[in-house]
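Written out below as structure tokens is the structure these notes cover.
The values are calculated or read from the model by the stated rules, or taken from the named source; none is laboratory data. Computed from a predicted model, the values in this text were never measured in an experiment. Counting neighbours? That spans all protein chains shown, and the Cβs are built from the backbone with ideal geometry, glycine included. Surface areas here come from the heavy atoms of the whole protein model, side chains and all, with no ligands, DNA or RNA. Shrake-Rupley method; radii C 1.70, N 1.55, O 1.52, S 1.80 Å.
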Amino acid sequence: MSKIQKMTKKAKKRKDKFKLSNYEKKGILTGKKRMRNSIIIVFLVMTLLAVRIGWIQFIDGDKLKYMAYVQHTLDRKINPKRGTIYDATGEKALAVSATVRTITVNPVNIKKEDKEKVAKALSDIFNVDYEKTLKKVSRRSSIETIAKKVEKEQADELMKWMEENGILTGINVDEDTKRYYPYNNLASQIIGFCGSDNQGLNGIEAVYDTILKGNTGKIIKIADAKGNTILKEGEDYESAIDGNDLVLTIDATIQGIAEKYLAEACIDNNCTDGGSIIVMNPNNGDILAMAGYPNYNLNEPFIPSDEEIKQNWDSYTQEEKSNILQQMWRNRAISDGYEPGSTFKLITASAALEEGITDTDNKGEFNCSGSIEIAGVRIKCWRYYRPHGAQSLREALMNSCNPVFISIGQKLGVHTYYSYLEKFGYLGKTGIDLPGEAGSIFLPENKVGPVELRNNCIWSKI
Ligand SMILES: [Zn+2]
């Protein structure tokens, strides 16, 4: 066979190979289509899966991570014990912290079928609204507070119920503290009170909050899907650090006496504006008592102390209620301005002695004719009808003679007089560690003329 013939034969064979019957042709076509469809389906499924993975990773990632965290960890706070406030003797506790319980739930760890039962029990035992409790129990959160500062008896009742009903996870009973003031109204405007989270809201409780409050601790428990604690390596405990105690300069006995007589005096004299007493140790400036009337019960700081207001409490607007309470809490001894009257003649006398412009017993150095004229205005002595006549500084102080101290003020002059006010600390605040201290009621030096100076030296209204 020639080479050409061989090739033709091969070609023929190849041609035969592709010479297929119609039946065979149909079969190949169907196979191809199926394969193409399969590839498309696989491609689509893969694409959908990729999109879903992307969605979970980038869109839902944080939410899912949070949900897993919520389900696995049960994060609870441990409240520290707030420091005690003692009086100056260190023996009488004016503010103490008693142990109570706080009830919280971990909604994700309460079974769906138990939620209504749990909400019912909680609302019954702690006298809280059922609907609100059910909402809290049904939330997708790690922790919800049900009741704060409940007594041990109530907490025991809950624990008994949990045991009887076989619900051992998802409800927490933690120790907490509650502020209690053993002397009720005593020194109320000084001590102040705390809010529901034990934070100081007024008085010493607010000023020394960072010292008294201590540091909150926490329990982080890692739990399995059913809410059971994964022991040992899964538990993290950070203990709370209790707050520091505080000893005041206030002596509870002196404070009690001051408050008793202040109340009597205010009632007897019908003082509608209230009153204050400050008792200070003159040797070191310690405040031994600071009484205010009216005052309030520190254990009920949001209940008005005035009986009549209390009876009509519901008829007041929110703003009126707030104003009434602010007035009741107000420490007038440091927040209100007060004109000292004739007692201020002592300051004028001290400045005159220090400046050497007079002495205590220069007989007849001054003269009271019953009045004195300053800037065209005649000021009477309180005993104008029978003038004091010739006076030494000592006699003028004993008689509280107005004309003598006005003339001393004129000799001192505004600038020198103000330099003494400054030295005595009358132009600024005392810096007492209580909130709301008001500034001085003196006019600035450059606004003081002869008339104002006259008023300051004897401290009378024009
Ligand atoms: Zn006089």
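Below are the figures for this structure:
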quantity: All strands (runs of 3 or more DSSP E) inside segment 235-316 with 2 or more residues being under 19 Å from residue 87 (Cβ atoms) and open to solvent by less than 40 Å² (accessible area, probe 1.4 Å); calculated: 287-293
quantity: Matching residues in segment 389-398 - criterion: being touching a residue at least 24 places away in the same chain (Cβ under 8 Å) and either within 13 Å of residue 346 (Cα to Cα) or more than 10 Å from the ligand (Cβ to nearest atom) (or both); calculated: 390, 392, 393, 394, 396, 397
quantity: Residue count, segment 100-128 (criterion: open to solvent by 80 Å² or more (accessible area, probe 1.4 Å) and farther than 16 Å from residue 167 by Cα); calculated: 2
quantity: Positions within segment 174-191 being assigned to a strand (DSSP E or B) and either open to solvent by 50 Å² or more (accessible area, probe 1.4 Å) or not polar (S, T, N, Q) (or both), in sequence order; calculated: 174, 175, 176, 178, 179, 180
quantity: The lone exception for residue 369 - which of (1) open to solvent by 60 Å² or more (accessible area, probe 1.4 Å); (2) under 50 Å from the mean Cα position of the chain (by Cα); (3) small (Gly, Ala, Ser) it fails; calculated: (2)
quantity: Test: residue in segment 395-405 that is of a type in the set (S, T, N, Q) and out of contact with any helix residue (DSSP H, G or I) (no Cβ under 9 Å at 6 or more places or on another chain); calculated: yes
quantity: Residue tally, condition more than 8 Å from the ligand (Cβ to nearest atom) and either surrounded by 14 or more Cβ atoms within 10 Å (Cβ to Cβ) or not acidic (Asp, Glu) (or both), over segment 372-388; calculated: 10
quantity: Close pairs from segment 400-413: first over 9 Å from residue 457 (Cα atoms), partner assigned to a helix (DSSP H, G or I) and modelled with pLDDT of 95 or more, Cβ under 6 Å, at least 6 apart; calculated: 404/396; 412/351
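Quick grid of which residues meet (1) among the charged types (D, E, K, R); (2) open to solvent by 60 Å² or more (accessible area, probe 1.4 Å); (3) out of contact with any Cys (no Cβ under 8 Å at 6 or more places or on another chain); (4) without any contact (Cβ under 8 Å) to a residue 40 or more places away in the chain:
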position: 137; (1), (2), (3), (4): no, no, yes, yes
position: 147; (1), (2), (3), (4): no, no, yes, no
position: 152; (1), (2), (3), (4): yes, yes, yes, no
position: 171; (1), (2), (3), (4): no, no, yes, no
